[in-house]
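Asker: For reference, the structure I am asking about is given below.
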Amino acid sequence: MNLDELISASDAAMAARLVDPSKIDIGGVDPLGLRQINFDMMDQVLPGLNNVARHVRPYLLMTWAWRRAGVLNERLGPRSVGELRDFVDRIETIYAWSQFLIDDETDLPGGQALAGLIQSETYTFGGEAWEKFRNVRRYSTGLIAAVNYGPSLRTMNWIADLADLEDSTVNQRGAYKANPQADPGLELALQQFEASFSDALPHPAFNEFGAVTVTREEAKAWGQMWRMKDVTPEGKQAAWTRVNSGYGGEVRKRGLQLVRFAATYGTNSVNEEERVRRIMSDPSGVPFPDELKPYAIAWRRMQVRQVFRLALEGLLTWTQLALVDRPLSTRRLASNFIEELGPVSEQGTAQEWCSTFDYSSDPIDHLNSLEQSLDDQVGFPLAAMKALRFCVAEAPSEAEGFERSDRLPLIRAAKDWHAWESLTPKAFIGNMIEGWLFAQHTYWSVGRGLQDARSNGKTILRMRIFIDEGGWRLADGYNPGGRPNPTPDRIETALSLLQECGQLDA
């Protein structure tokens, strides 16, 4: 209910009445508002990728499914967008079912959601149960869901919305066809894909709209026909063309060239994922081709920002654990932090104190040490101080456009750091806790939460930590367990696509 509706309801009320309690949740996965910058910076190197859509076969399957829906639409007469989507949802669900039947470790989303179907001897794709299942998959585990293959299917021009095509009779959004502007290689790849299960193609599941029943044995047999790994050379080449096409295609092309260079650098095989990440983050030490250096520099900046975000979210986690038993003042929290690092002379400045923390120039070293200290709950203050000193040294000399002022830009953090260097170590850490943690957390859990509520958001997020007369304390009901993790950076997806498209073959 927005403000106007609330005023109207108040004017019409004859007396006071009880209302339902507001739904208020403890703050979510981005307690300091720093995570979006990681995604924005990843888009400077590998735009349009995510950490799920890393295989070629699902792209070909979904493109073929919409192509098949179009064929049936012409053969059987025009159908509604809802009927077309129902047909495609059926195909992708059958595909996932079939792959889990032949390999329960298959790398597709939705294994748990499909558990009941996997155990079924038969399943009817129609009726109320199917509609509920479709609705769940559409927004979570379905291949076309926004968190899976859906965005890149469109941005890489595998499929096009029928409502956007000049010759289309469909004006309602949500139905697609295989991109009519795609290269001939994609058409050939789709023909080969269809030929791989030609013996099954007459089945009603591939030829009818509406309710269709499929048996477990049929699905299992089909699973062998269109296995995830069995992509033809023509399919690999068509996929590689699509991966380098569409929105962000030129940047993504260079980013994938960067990954390929790092994957094969100094080896006759393919480097492991972490070594690829390290190589890509070292533009001053690795002889990248000139055209790839700007992307390596951008990748390193992103990894530095990863370190900064993980160090601060780790410090928030450390603070939460320190407050489990009792409230503490900022000064006491700072003292506890410093005490874990060892004795400190109160005569020295923060600058002198910070200079004692030698740090690696490799951001991956800092990510690993932060994660390890958070797992062990030992040594985090030392890992954090080395990581933050590294980040300050890497801060840009000028503000970067993608770093919004309310997301604690690294250039601002560096200015704060240098401004506090003349303070005592305890005051230095106290300023960090109050300015970089609690101020950021208050804004993102309360300020942004209220903004969401005013725009009919689902919930008002509550602070994990607040202050009262006794000092800082945990919000009632908050469980400080768990720890932050680095934002997955798409390297696994890039390596997988390169491999499956034949770009890492010896």
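Asker: Would you list the helices (runs of 4 or more DSSP H) that sit entirely within region 395-506 and hold 1 or more residues that are over 24 Å from Arg305 (Cα atoms), at pLDDT 90 or above and not basic (Lys, Arg)? Break it down stepwise before answering.
Answerer: Details: elements: 410-420, 425-431, 439-442, 448-454, 491-500.
Here the list reads 425-431, 491-500.
Asker: Determine which member of the set Thr122, Thr155 is touching a residue at least 40 places away in the same chain (Cβ under 8 Å), of a type outside the set (D, E, K, R), surrounded by fewer than 19 Cβ atoms within 10 Å (Cβ to Cβ) and closer than 20 Å to Ala211 by Cα.
Answerer: Going through Thr122, Thr155 in turn, just one is touching a residue at least 40 places away in the same chain (Cβ under 8 Å), of a type outside the set (D, E, K, R), surrounded by fewer than 19 Cβ atoms within 10 Å (Cβ to Cβ) and closer than 20 Å to Ala211 by Cα: Thr122.
Asker: Here is a follow-up. Among helices (runs of 4 or more DSSP H) lying entirely in region 232-302, which contain 2 or more residues that are buried (at least 20 other Cβ atoms within 10 Å of the Cβ) and more than 24 Å from the chain's Cα centre (by Cα)?
Answerer: Per the criteria, 233-243.
Asker: For region 31-108, please list each of the helices (runs of 4 or more DSSP H) lying entirely inside it that holds at least 1 residues being within 30 Å of Tyr478 (Cα to Cα) and within 15 Å of the chain's Cα centre (by Cα).
Answerer: Working: elements: 35-42, 56-76, 81-102.
The qualifying helices (runs of 4 or more DSSP H) are 35-42.
Asker: Which residues, taken from region 323-334, are surrounded by 17 or more Cβ atoms within 10 Å (Cβ to Cβ) and either touching a helix residue (DSSP H, G or I) at 6+ places or on another chain (Cβ under 6 Å) or assigned to a loop (DSSP other than H, G, I, E, B) (or both)?
Answerer: Leu323, Thr330, Leu333, Ala334
Asker: Looking only at residues in region 70-98 that are under 27 Å from Ala160 (Cβ atoms) and in contact with a Leu (Cβ under 6 Å, 6 or more places away or on another chain), which one is surrounded by the most Cβ atoms within 10 Å (Cβ to Cβ)?
Answerer: So, considering only residues that are under 27 Å from Ala160 (Cβ atoms) and in contact with a Leu (Cβ under 6 Å, 6 or more places away or on another chain), the one surrounded by the most Cβ atoms within 10 Å (Cβ to Cβ) is Ala96.
Asker: Please go through (1) surrounded by 15 or more Cβ atoms within 10 Å (Cβ to Cβ); (2) more than 26 Å from Gln192 (Cβ to Cβ); (3) among the hydrophobic types (A, V, I, L, M, F, W, C) for Met62 and return the number of the only condition it doesn't satisfy.
Answerer: For Met62, the exception is condition (2).
Asker: Does Thr319 count as β-branched (Val, Ile, Thr) and within 33 Å of the chain's Cα centre (by Cα)?
Answerer: In short, yes.
Asker: Something else now. Could you grab the pairs with beta carbons closer than 7 Å, sequence gap of 6+ or different chains, first residue in region 88-116 and modelled with pLDDT under 90, second one surrounded by 17 or more Cβ atoms within 10 Å (Cβ to Cβ) and polar (S, T, N, Q)?
Answerer: Gly110/Thr141; Ala113/Thr141
Asker: State whether the residues of region 68-83 include one that is under 22 Å from Glu500 (Cα atoms) and touching a residue at least 24 places away in the same chain (Cβ under 8 Å). Show your work before the answer.
Answerer: The first filter runs over region 68-83 and keeps only residues under 22 Å from Glu500 (Cα atoms), leaving none.
Looking through region 68-83, none of the residues is under 22 Å from Glu500 (Cα atoms) and touching a residue at least 24 places away in the same chain (Cβ under 8 Å).
Asker: Now a separate question. Confirm whether Leu382 is buried (at least 20 other Cβ atoms within 10 Å of the Cβ) and not in a loop (DSSP other than H, G, I, E, B).
Answerer: The answer is no for Leu382.
Asker: Follow-up. Restrict the check to region 151-159 and report whether at least one residue is under 16 Å from Ala96 (Cα atoms) and modelled with pLDDT of 90 or more.
Answerer: The answer is no; no qualifying residue exists.
The values are calculated or read from the model by the stated rules, or taken from the named source; none is laboratory data. Model, not experiment: these values are computed from the prediction. Positions of Cβ are backbone-derived with ideal geometry, glycine not excepted, and every protein chain shown enters the neighbour counts.
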